[in-house]
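Each value in this text was obtained by applying a stated rule to the coordinates, not by laboratory testing. Remember, predicted model here, so these are calculated numbers, not experimental data. Note that we place each Cβ from the backbone using ideal geometry, even for glycine, and neighbour counts take in every protein chain shown.
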Amino acid sequence: MLGRYLIRLFLVRVLAVLAGMVALVQLLDLLDKTGAVIARGGLGALGRYVLLRLPFLVGEMIPLGCLVGALLCFGRLSRGLEMAALSAAGFSLRQVLRRLLPACLLLAAVQGLFDAEITPWSEQALARWWTTTDPARQAQPRADPEGDIWLTLNHEVARIGSADAGGRRIGDVTILRRAANGDLEARIDAARGRWVHDAWQLQDVQVTRPDHALAARLPSLEWRQGPVPANMEELRQPTDTLPLPHLLKALRGRWASVHGPGFLRTDLEALLAGLVTPGVMVLLAAPVLLTPPRTGSDPMGAMRTLGLGLGFLALAGLLEALGRADTLPPAVAVWTAPVLFGALGLVRLREAEAA
């Protein structure tokens, strides 16, 4: 009974805070982009834009919602003398926090679902809709607003000048084929290509090798390493995040990406680290439970907790950016902030219990 009561008290506040923050950020975003959105379809386009942006905002706000929700929940337990009653009944602070573990696991699962599946899908759908409804493109349908497509796959780096909407026809292709040690083996230039029978058929091909003085010209060449049409269609509208299945395939060299291996490994580590973020936020807010009831609220303590939570998110974002840029190893870039602030939360918890 106690566990269900605490979980309900906590989750209600987290959801309320999350809804408020998402609505506020969505409103600010709309104020900046209302004109561009309406130009893509009138008032009906506003609803579509909001729905496609919503998963990204929810995923971004879950950690902060956990922190503020925990502060409100723990403040209520402290001010209402409920924590004092629990202490008198023999419940320690750690026992109370353990009863919130299922709620943290639920929020971690929701965070993982948004980060691994829902947000990448919505970002790709938004990018496609934003491009296809661009008034400038509709006025000049032959324009190519995407520009060159760069991709990496196994030991190849490719540039594709144009691709059709179905990802089955490409033009102005340049492929740099590398050996396992990174040395250039060949450069392949093709005027166009077509997906036929599970492979790309390149036409009007020129193959240049470092150990050959003259380039070889071929009427056609099969490119089996190239991305499948669905992959090519995704590359036409690249986003910063990939769905988890595509991310795992890209790391194994079975799915082309516009990002390098360091970026992809950092994203995978970030998905795993996101599962512990709600627990870290609850741990940082835990000392609020031991605020003496007769002192009322502790605004300075709440501000310190908010500062720690925001510092955690800022440091995590900075280090992840360094990991994606191959400046730091992915594991170091992603796990430094959760480990550091998790340890800090445990120290604050021990100090609060000893006080």
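Here are the numbers:
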read-out	value
Computed P(r) (all Cα pairs; segment 1-73; 10 Å bins; percent)	20, 38, 24, 14, 5, 1
Sequence ranges 52-61, 77-86, ranked by mean other-Cβ count within 10 angstrom, highest first	52-61, 77-86
Vicinal HN-Hα couplings computed from phi for segment 94-103 (Karplus, 6.51 cos²θ - 1.76 cosθ + 1.60; Hz; Gly/Pro x)	5, 5, 5, 5, 4, 6, 8, 4, x, 5
Cα centroid separation - segment 244-291 against segment 1-58, whole Å	22
Value at 222 nm in deg cm²/dmol, rounded to 500, when DSSP H runs of n ≥ 4 in the chain each add -39,500 (n - 2.57)	-19500 deg cm²/dmol
Rounded D (µm²/s) - segment 147-236, Kirkwood Rh over Cα pairs, Stokes-Einstein at 37 °C, 0.692 mPa s	249
Val157-Ala19 pseudo-label distance in nm [points 7 Å out on the Cα-to-Cβ vector]	5.0
Added length on full extension, which subtracts the Cα-Cα distance from 0.36 nm per residue, Leu54 to Asp204	49.4 nm
Peptides 29-39, 188-198 ordered by average Cβ neighbours within 10 Å, highest first	188-198, 29-39
Within segment 3-17, backbone nitrogen closer than 15 Å to the virtual label 7 Å beyond the Cα of Leu101 toward Cβ	3-4, 7
Alpha-carbon Rg with Dmax, taken over the chain, Å	26.0, 88
Theoretical gain in end-to-end length, Ala314 to Arg128 [0.36 nm per residue, Cα-Cα removed]	64.0 nm
At 1.306 mPa s and 10 °C, Stokes D of segment 20-118 from Kirkwood alpha-carbon radius, µm² per second	97
Ordering of 2-13, 115-126 by packing [mean C-beta count within 10 Å, highest first]	115-126, 2-13
In degrees, nearest ten, helix 43-79 long axis to first principal axis of the chain (Cα)	30
